[in-house]
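Engineer: For reference, the structure I am asking about is given below.
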Amino acid sequence: MNIWNLIFLFLFYFMTIPISIIIYYLNKIYVFVYIFVLYTGLSFCCTLCELYIPTLIKQIMPVYGAHLKLVYANMLMTIFTVPFINYTTLYDPIGVFMLRIIGYLIVSDTLFYWIHRFSHTNKHLWKYHKKHHEFQYPSGITAIYAHPIDFILTNLLPFLCGPALFGYSLHTLIFWLTLVIFNAVISHSGLNFPIYYDANHGIHHVKRNVNFGFILWDKICKTKNDN
Ligand SMILES: [Zn+2]
Ligand SMILES: [Zn+2]
C-alpha cells in the first residue's frame, strides 16, 4: 500500500458519493449503467494511452473487433444481478465501511485465488479459462474477455460474494465496484498506473503458473512472481 493507493482510495470514496446519491434517487438499474459506463470509458482511455506509449505497442491486440462481442456479452450478463441488489441505506458509517471493504478484499482474494488456480490445473475448468488467456499481452478492455462460465466463476462469484456475505449500503457497493473495475481494467492494460493491488496479473498472462490472486494467497502459497 503506497501513498498513491491511499490517494486514489480517498478519491474513489468521495467520487462515489454523488454517484450513489444519484442512483439512490433514480433506480438500482443505474448501478448496471454505471459499471457499463465506467468499464467502457476507462478501458477506452487505457487503449488511447497504450497506443501513444511506444513501448506498449506490443500490448495492443486487435480487440476492437470480434473480441468485443464477448466482452460486452459478459458485461450484459451482469444485468441479471440487478434484481438481487438489495440495499437499505445510502451510506455506511466510516468504521462499518472500512470493515466491510476489508471483508470483501479477504473473501475476493481467497475465492479468486483458489478458483483461478484450480481453473489452470483442472482440465475441465481450463477448457473455459483458456479463452481469457488468448491474450498473452492483454489490453485494458480485455479484462472481462472470458468464456461466460469462466466469467461467472472467476469474476462475478469472487467479487460479489463479499457484499452478499457482509452486507452493503449503496455507497459501499458503488465504491467496491469502482475499485474492482479499476483494478480489472488497469491490471490488464500495459499501464503502470499507481492504483492497483493486482500488479502482477500481466506476468500471469505470460507465465500462467504464477500470480493467481492479488493480495495474500500468492504470498502464502509462494506463487508470487514480480519479474
Ligand atoms: Zn489465468
Ligand atoms: Zn487476466
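Engineer: Quick check on my filter: what residues within the stretch 193-227 are modelled with pLDDT under 85 and among the charged types (D, E, K, R)?
Structural biologist: 198, 226
Engineer: Only one residue in 214, 118 is of a type in the set (Phe, Trp, Tyr) and away from ligand 1 (no atom under 11 Å from the Cβ), so which one is that? Give the derivation first.
Structural biologist: Details: 118 fails: away from ligand 1 (no atom under 11 Å from the Cβ).
None of the other options fit; the residue is 214.
Engineer: Please specify each residue of the stretch 194-227 satisfying the condition of being closer than 24 Å to residue 141 by Cβ and more than 16 Å from ligand 2 (Cβ to nearest atom).
Structural biologist: Listed by number, the residues that qualify are 194, 195.
Engineer: Show me the helices (runs of 4 or more DSSP H) entirely contained within the stretch 123-169 in which 1 or more residues are more than 15 Å from ligand 1 (Cβ to nearest atom), among the aliphatic types (A, V, I, L, M) and surrounded by fewer than 20 Cβ atoms within 10 Å (Cβ to Cβ).
Structural biologist: 157-166
Engineer: In addition: Starting from residues that are within 13 Å of residue 176 (Cβ to Cβ) and not β-branched (Val, Ile, Thr), keep the ones in the stretch 103-124 and report whichever is farthest from the chain's Cα centre (by Cα).
Structural biologist: 103
Engineer: If you don't mind, there's one more thing I want to ask. For a quick check of your reading of the model, give me the residue pairs whose first member lies in the stretch 124-136 and is under 7 Å from residue 147 (Cβ atoms), whose second is more than 13 Å from ligand 2 (Cβ to nearest atom) and assigned to a helix (DSSP H, G or I), with beta-carbon atoms closer than 9 Å and at least 6 apart or on different chains.
Structural biologist: Close Cβ pairs (under 9 Å, with a partner that is more than 13 Å from ligand 2 (Cβ to nearest atom) and assigned to a helix (DSSP H, G or I)) amount to 128/148; 128/149; 128/153; 131/70.
Engineer: Residues being within 16 Å of ligand 2 (Cβ to nearest atom) and touching a Phe, Trp or Tyr at 6+ places or on another chain (Cβ under 8 Å): count how many of those fall in the stretch 156-183.
Structural biologist: The total comes to 6.
Engineer: Against the definition (within 27 Å of residue 44 (Cβ to Cβ), touching a residue at least 40 places away in the same chain (Cβ under 8 Å), buried (at least 18 other Cβ atoms within 10 Å of the Cβ) and more than 16 Å from ligand 1 (Cβ to nearest atom)), how does residue 108 come out, yes or no?
Structural biologist: Against the criterion (within 27 Å of residue 44 (Cβ to Cβ), touching a residue at least 40 places away in the same chain (Cβ under 8 Å), buried (at least 18 other Cβ atoms within 10 Å of the Cβ) and more than 16 Å from ligand 1 (Cβ to nearest atom)), residue 108 does not qualify.
Engineer: Moving on to the next point. Farther than 24 Å from residue 40 by Cα and surrounded by fewer than 16 Cβ atoms within 10 Å (Cβ to Cβ): does that describe residue 192?
Structural biologist: No.
Engineer: (1) among the charged types (D, E, K, R); (2) touching a helix residue (DSSP H, G or I) at 6+ places or on another chain (Cβ under 6 Å); (3) more than 19 Å from residue 178 (Cα to Cα); (4) at pLDDT 95 or above: which one isn't true of residue 100, the others all being true?
Structural biologist: (3)
The values are calculated or read from the model by the stated rules, or taken from the named source; none is laboratory data. This is a predicted model, so every value here is computed, not measured. Here the Cβ is made from the backbone with ideal geometry for all residues, glycine too, and neighbour counts use every protein chain on show.
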